[in-house]
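The values are calculated or read from the model by the stated rules, or taken from the named source; none is laboratory data. Here the structure is a predicted model, which means the values were calculated and not measured. Every residue, glycine among them, receives a Cβ derived from its backbone with ideal geometry; neighbour counts consider all protein chains shown. Quick note on the areas: whole protein, heavy atoms, side chains included, nothing else; ligands and nucleic acids left out. Shrake-Rupley method; radii C 1.70, N 1.55, O 1.52, S 1.80 Å.
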Amino acid sequence: MRKTLLTFCLMAVFYFAHAQEYSVNGYIKDGNNGETLIGATAFIPSLGKGVTSNEYGFYSLTLPQGEYIIEFSYLGFETLSKTVSLTQNTKLDIEMGLDANELQEIVVTAEAEDNNVTDIQMSVEKLDIQTIKSMPALLGEVEIIRSLQLLPGVTSVGEGATGFNVRGGSIDQNLVLLDEAPVYNSSHLFGFFSVFNPDAVKDVKLYKGGIPSRYGGRLSSILDVRMKEGNSKNLEINGGIGLIFSRLSVEAPIIKDKASFIVAGRRSYIDILAGPFLNEDFEDTVLNFYDLTAKANYNINDKNRLFVSGYFGRDNFGFGNAAGFNWGNTTISTRWNHLFSEKLFSNITFYYSDYDYQLKFGEDSFNRFDWNANIQNWSIKPELSYFLNPNNLIRFGGQSIVYKFEPGSAVGISEGESQDISLDDQYALENALYLENEQNLDNGIKLNYGIRYSHFNYTGEGTVYEYAEGIPGEAKFPISSESFDQWESIKEYGRFEPRFSITYPLTASSSLKASYNRTAQYIHLLSNTTASTPVDVWTPSTRNIRPSMADQVALGYFQNFKDNTYEFSTEVYYKKMEDLIDYIDGADLLLNPFLEGAILSGKGRAYGWELQLKKNKGKFSGWLSYTLARSERQVIGINNDQWYPSRFDQKHNLSITGFYEINDRWSLSANFVYLSGTPATFPNERYEIGGYIVPHNSDRSRNSFRIPDYHRLDLSATWKGKKKSESDRWDGEWVFSVYNVYSKKNPFAIYFRQGDTVPFGEVQNTEAAQLSVIGNFIPSVSYNFKFNK
């Protein structure tokens, strides 16, 4: 008996000794500048298992005791192999070197080979920043948002429109994050340029569907933009000089390999160039935008790292002292990475975000009008990642947001008499908790499943109105009011948001993917114009405005060809939306204390088919994207209660992007875009009163007409300077581009105007007129440079 027991104990000790597991973890970085690499792969060939680095470059593998070869890989870098003997928990930081072969050509994907087939993510678009810089651009300026519009499912209602639309959603249904802080207006100069300085951006990822549980707050998409940390090894200066604006960035180590910073700025100067040619009435005209992006990080020790980043940008339009308006974003993010153990990684983010605009009229203090509005929020967001084993990555955390809405602080002065017509500020609290698991099953099947619970509390101080029930489609009138103290709860909402994604491999180079996600949105952008403008107002969900909800399903097929030279993907999706905001005909949205009486609630649906074919390698590369889609709304009181196209419904969306490397100094690129015309509402009758025409829509239809289709061709050529020697620290290139090559006058809107006055008794003529923001080709030349010390 004793021998049997002793044998059992020895076997148990032997088993547990061999079953002992240890972790190898660390950060994967670019050996050239110390930047962490997002999505780099740590793979064990003998086990056929691996992990990818997270948003901070951190990876962790937990394995049984033993000796392993780990291969580290990232697109554009040489694969690095390390032999690790796991007899204890091991820290292994990796610095990867650039692949000299791929430096000579443009690579149009930002992912590892076969990642599009094997990864759990679908409905996700990611563009490498170098690819974005190689595209033709308006006035030579690299543009992130407009580059995303060349991908399937992403559109805009036209030139001069701020923001972008994703899978039939409005622009406020996109959560735009810069280092995790929300940016409420992502555009400069009415949508022609984005707020993101390309010299400061490291990673750009757009989630159109299959949104993980860790993201929330919007219905349609998440645009996650990550800034560079700054070169931790050497001084690096990047910049560009263009026809109407220039940019400059400086990054350098504060303490080599331990702390670094980056500062990047841009400013336009079209008003300075135009100044000498303006007459006296416009000599004080201001027409410019600027932004400043900054970030610093400090590696405190092996377990703690601190990041601080900020963005400060503004657009200014002024016509002397008579009139002017301006708008801008401010964000500040502080993030703390902490490693609790070899398996448990945490990040806590604190951020502040502010978007405001100011509008003024009047030349003196006795007759003027001033209007200010903004949305501010403060947030704390703890997130934890538990690397359970190579097959399970568990993420959990939460977020709390404090909102302050200032819909309008307005004062009018007439002949020295002042009248305050400001609206009450509004306040709200939003909280969320989430849990998700990314799991690898046998035979290459991958799952991501999770749940998010969000809670919204609309609070005082303020006055809340109750509205009488009226005729659908007509304004409701207040019948009572109630006042609330500061932070007193007015109305609460809570929503569960399940998420699920699956990847099922068919062969080594093909797979099927499917996803489902439910999303909730508690804040809304009020806009009933042709396209959203910088002076549109954000509002919270209230007693009379319910939060919006969306359920989306998607199914996709992914295939690679010829050693990953070609990628093919196609997806179909269906999105159902509830409690969407629309407005009665002729609604007054600005400085209206009874605005909620003009708001209607309805439902929506969006469905479509997306197709993309990429060529990733070689002297010629690029992609073709096509989307066939519909976006519709149904609101009781609008369009006779029938379904109607949304303002951003575009049936066909085709884009072709190509790059050609002539030699090591010359390269060419081109974009072609074709979009179906967007819907519009036109009158079908008219009245003539005293010689003036009054248009009338007798059948109360909405968006029953369409403006003409949109198409455009852009071309670009880049000439790179020749280095005098290998030790030459200066790189420069000239970029020559032509936007709208064949001068297409693409319509932004169609409107009707009255013709010349006719004699009494004759019929007054009316005519349709087309508004085109850009009607000619626009050539440009710019010089970009880079200096490394």
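If we keep just the residues of the stretch 31-75 that are acidic (D, E) and either closer than 17 Å to D119 by Cα or in contact with a Phe, Trp or Tyr (Cβ under 7 Å, 6 or more places away or on another chain) (or both), which is surrounded by the most Cβ atoms within 10 Å (Cβ to Cβ)?
Looking at the filtered set, the residue picked out is E55.
Considering only the stretch 477-507, state which residues are open to solvent by 40 Å² or more (accessible area, probe 1.4 Å), of a type in the set (A, V, I, L, M, F, W, C) and touching a residue at least 40 places away in the same chain (Cβ under 8 Å).
Across the stretch 477-507, the qualifying residues are F477, W487, F496, F500, I502.
What are the residues in the stretch 351-384 that are of a type in the set (F, W, Y) and surrounded by 17 or more Cβ atoms within 10 Å (Cβ to Cβ), if any? First the steps, then the outcome.
Within the stretch 351-384, the first condition is being of a type in the set (F, W, Y), and the residues that meet it are 351-352, 355, 357, 361, 366, 369, 371, 378.
Correct list: Y351, Y355, Y357, W371.
Considering only the stretch 649-697, state which residues are surrounded by 17 or more Cβ atoms within 10 Å (Cβ to Cβ), in contact with a Pro (Cβ under 8 Å, 6 or more places away or on another chain) and over 21 Å from N740 (Cβ atoms).
D649, P679
Being open to solvent by 20 Å² or more (accessible area, probe 1.4 Å), part of a strand (DSSP E or B) and in contact with a Phe, Trp or Tyr (Cβ under 9 Å, 6 or more places away or on another chain): is that true of F312 here? Steps first, answer last, please.
Working: open to solvent by 20 Å² or more (accessible area, probe 1.4 Å): yes; part of a strand (DSSP E or B): yes; in contact with a Phe, Trp or Tyr (Cβ under 9 Å, 6 or more places away or on another chain): yes.
Yes: the conditions hold for F312.
For the stretch 357-461, please list each of the strands (runs of 3 or more DSSP E) lying entirely inside it that holds at least 1 residues being within 26 Å of the chain's Cα centre (by Cα) and of a type in the set (D, E, K, R). Don't jump to the end; show me each part of the working.
Working: elements: 367-389, 392-414, 417-420, 426-440, 446-459.
Correct list: 367-389, 392-414, 426-440, 446-459.
Which of (1) part of a helix (DSSP H, G or I); (2) modelled with pLDDT of 90 or more is the odd one out, the single condition F16 does not satisfy?
Every listed condition holds for F16 apart from (2).
Mind checking whether some residue in the stretch 604-615 is touching a Pro at 6+ places or on another chain (Cβ under 9 Å), among the acidic types (D, E) and part of a strand (DSSP E or B)?
The answer is yes; a qualifying residue exists.
For the stretch 320-334, what are the residues that are open to solvent by 30 Å² or more (accessible area, probe 1.4 Å), more than 17 Å from S268 (Cα to Cα), at pLDDT below 90 and hydrophobic (A, V, I, L, M, F, W, C)?
A322
In the list N639, N703, N697, N684, which residue meets the criterion of being touching a strand residue (DSSP E or B) at 6+ places or on another chain (Cβ under 7 Å) and either closer than 27 Å to L771 by Cβ or in contact (Cβ under 8 Å) with a residue 40 or more places away in the chain (or both)? Spell out the reasoning first.
Working: N639 fails: touching a strand residue (DSSP E or B) at 6+ places or on another chain (Cβ under 7 Å); N697 fails: touching a strand residue (DSSP E or B) at 6+ places or on another chain (Cβ under 7 Å); N684 fails: touching a strand residue (DSSP E or B) at 6+ places or on another chain (Cβ under 7 Å).
Only one candidate qualifies: N703.
Considering only residues of the stretch 169-196 that are among the small types (G, A, S) and assigned to a loop (DSSP other than H, G, I, E, B), which is surrounded by the fewest Cβ atoms within 10 Å (Cβ to Cβ)? Give the steps one after another, and end with the answer.
Kept after step one, since they are among the small types (G, A, S), are these residues of the stretch 169-196: 169-170, 181, 186-187, 191, 194.
Filter once more, so that each one left must be assigned to a loop (DSSP other than H, G, I, E, B): 169-170, 186.
Working: G169: 28, S170: 25, S186: 22.
Selected residue: S186.
Given the conditions (1) surrounded by 15 or more Cβ atoms within 10 Å (Cβ to Cβ); (2) in contact (Cβ under 8 Å) with a residue 60 or more places away in the chain; (3) more than 19 Å from S123 (Cα to Cα), report the number of the one that N443 does not fulfil.
Result: N443 passes all but (1).
Specify the residue that is least open to solvent (accessible area, probe 1.4 Å); the eligible residues are those in the stretch 81-134 that are among the small types (G, A, S) and at pLDDT 85 or above. Full working, then the answer.
Filtering the stretch 81-134 for residues among the small types (G, A, S) gives 81, 85, 97, 100, 110, 112, 123, 134.
Within this subset, residues satisfying the condition of being at pLDDT 85 or above are 81, 85, 97, 123.
Details: S81: 69, S85: 69, G97: 38, S123: 2 Å².
Going through the qualifying residues, I end up with S123.
How many residues does the stretch 202-211 hold that are surrounded by fewer than 23 Cβ atoms within 10 Å (Cβ to Cβ) and over 13 Å from the mean Cα position of the chain (by Cα)?
The number of residues fulfilling the criteria is 1.
Check whether at least one residue in the stretch 337-347 is open to solvent by 40 Å² or more (accessible area, probe 1.4 Å), at pLDDT 95 or above and not hydrophobic (A, V, I, L, M, F, W, C), and report yes or no.
Scanning the stretch 337-347, I find no residue that is open to solvent by 40 Å² or more (accessible area, probe 1.4 Å), at pLDDT 95 or above and not hydrophobic (A, V, I, L, M, F, W, C), so the answer is no.
If you scan the stretch 131-153, which residues turn out to be under 30 Å from W734 (Cβ atoms) and not in a helix (DSSP H, G or I)?
At the first step, the residues of the stretch 131-153 found to be under 30 Å from W734 (Cβ atoms) are 131-151.
Within the stretch 131-153, M135, P136, A137, E141, V142, E143, Q149, L150, L151 meet the criteria.
I241 passes all but one of (1) out of contact with any Pro (no Cβ under 6 Å at 6 or more places or on another chain); (2) under 19 Å from A294 (Cβ atoms); which number fails?
(2)
So which residues in the stretch 151-164 are at pLDDT 90 or above and open to solvent by less than 10 Å² (accessible area, probe 1.4 Å), if there are any at all?
L151, P152, G153, V154, F164
Identify all residues within the stretch 742-789 that are hydroxyl-bearing (S, T, Y), modelled with pLDDT under 85 and either touching a helix residue (DSSP H, G or I) at 6+ places or on another chain (Cβ under 9 Å) or part of a strand (DSSP E or B) (or both); write none if there are none.
Y751, T766
Could you check, for the stretch 228-243, whether at least one of its residues is of a type in the set (A, V, I, L, M, F, W, C) and open to solvent by less than 20 Å² (accessible area, probe 1.4 Å)? Walk me through it before giving the result.
Taking the stretch 228-243 as the starting set, the residues that turn out to be of a type in the set (A, V, I, L, M, F, W, C) are 235, 237, 241, 243.
With open to solvent by less than 20 Å² (accessible area, probe 1.4 Å) added as a condition, the list becomes none.
No.
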